[in-house]
1. Could you calculate the FRET efficiency of Lys109 with Lys51 from 1/(1 + (r/R0)^6), where r is the beta carbon distance between them and R0 is 56 Å, rounded to 0.05?
2. If you work out mean projected area of the Cα convex hull in nm² from the coordinates, which of (i) 43.2; (ii) 16.3; (iii) 18.9 do you get?
3. Mind checking the dipole of segment 219-338: about its Cα centre, +1 per Lys or Arg Cβ, -1 per Asp or Glu Cβ, Debye to the nearest 20?
4. Positive end of the dipole of the chain, charges at C-beta (+1 Lys, Arg; -1 Asp, Glu), about the Cα centre: which of Asn283, Gly205, Gly84 has its Cα farthest in that direction?
5. Using a cut-off of 9 Å between beta-carbons, work out the net charge of the residues near Asp160 (Lys and Arg +1, Asp and Glu -1, Asp160 not included).
6. Give the calculated FRET efficiency between Lys317 and Glu224 to the nearest 0.05, with a Förster radius of 25 Å applied to their Cβ-Cβ distance.
7. Run lengths n ≥ 4 of DSSP H only: what is the helix-derived mean residue ellipticity at 222 nm for the chain, with -39500 (n - 2.57) per run over all residues, to the nearest 500?
8. Between Lys242 and Asn279, what is the label-point separation in nm under the 7 Å Cα-to-beta-carbon projection?
Amino acid sequence: MVENVGITFGLGHQIYLNELKSFDQNPTGSGASYGKNMRHTVGLKFRWGAKDTDGDGISDKEDACPDVKGLEAFKGCPDTDGDGIPDKDDACPDKPGSKDFNGCPDSDKDGIADKDDACPDVAGIASLQGCPDADGDGIADKDDECPTVKGLASFKGCPDSDGDGVQDKDDACPNEAGIAQFNGCPDTDGDGIQDKEDKCPTVPGVASEQGCPEKKVAKEEIKEVEKKLQMAASRIQFETGKSTILRVSFAELDKLLPIMKQYPGAEFRIEGHTDNVGNAVANKNLSQQRADAVKAYFVSKGIKADRLSSNGFGQEKPLGSNATPAGRTQNRRVEIHLAD
């Protein structure tokens, strides 16, 4: 079998300075002489040699990649990307790379081949697939909303320094544990007034007192307040045998409203009393109804019901003698006191 054939075809024209005398017999060509000095020739030359299928100058016998043009340095195999690693051994044959990564590139020089690198143009770490973590919080910068400050995954990489569940960037008090209601600021006493606006941050209070407890009557004021309460209460009149307050008494009751509002932390005790005329049970019921009527009046004027108590004692606590008209009049009464 012929392994390799080379063919050369040529035409020739020869002129001689002297008279031509020649004879040429060649199975692959012929010539003809014209005159003494001129000759035309036609011929073929055949060259026989080893087979080179891919035409890369390396015989198939010595070519490790006989069907693809290659380089002698790689025994006839190609190196398409020119990185010094033959394609057959190159995991990335179309991109220049290094032997450390089987011919694949590592553009950012972080030790992670680009093909395995989620951030191939920025040096990163293996645990984050080649992406950087500038603040070292375990969250890749590309997924970190606060990439320069250590944070929590639950807040997309942003910190919550005081651990109150409100991230620092939304926390008005980032170094004090607080509640979301107050943008991360604390309300130590739980009174609904945040500490920074609470003049009594460790004692539950009310907004009207800037977080301090509602004002109560001071000890030195109690006697004077009690005097005013009893003076007004002694002038309260009802319809005979009923719990209906006479209109003439409204002005007296109204005199007590400023006191009750001046001391919003104070509580008041309303007592109903009767003389001993009639049935004791009926008297006690009437005294209760009259105490309740006074309480209802104050509530209608804006005093909170939980600051007022009402009790009927009937004829149990007389002030005067029930044997005289004056004494019985004294016993039919309503008393208002500061609660203990």
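None of the figures in this text is laboratory data; all of them are computed from the coordinates on show. As the structure is a prediction and not an experimental result, all values here were calculated from the model. FYI the Cβ positions are ideal-geometry reconstructions off the backbone, even for glycines, and counts take in every protein chain you see.
1. Details: r = 45 Å, r/R0 = 0.81.
Calculated transfer efficiency: 0.80.
2. Answer label, from the structure shown: (i).
3. 160
4. Result: Asn283.
5. Local net charge: -4.
6. On the way: r = 24 Å, r/R0 = 0.95.
E between Lys317 and Glu224, to the nearest 0.05, is 0.55.
7. Working: 5 runs with 54 residues, N = 340.
So the calculated ellipticity at 222 nm is -5000 deg cm²/dmol.
8. 2.0
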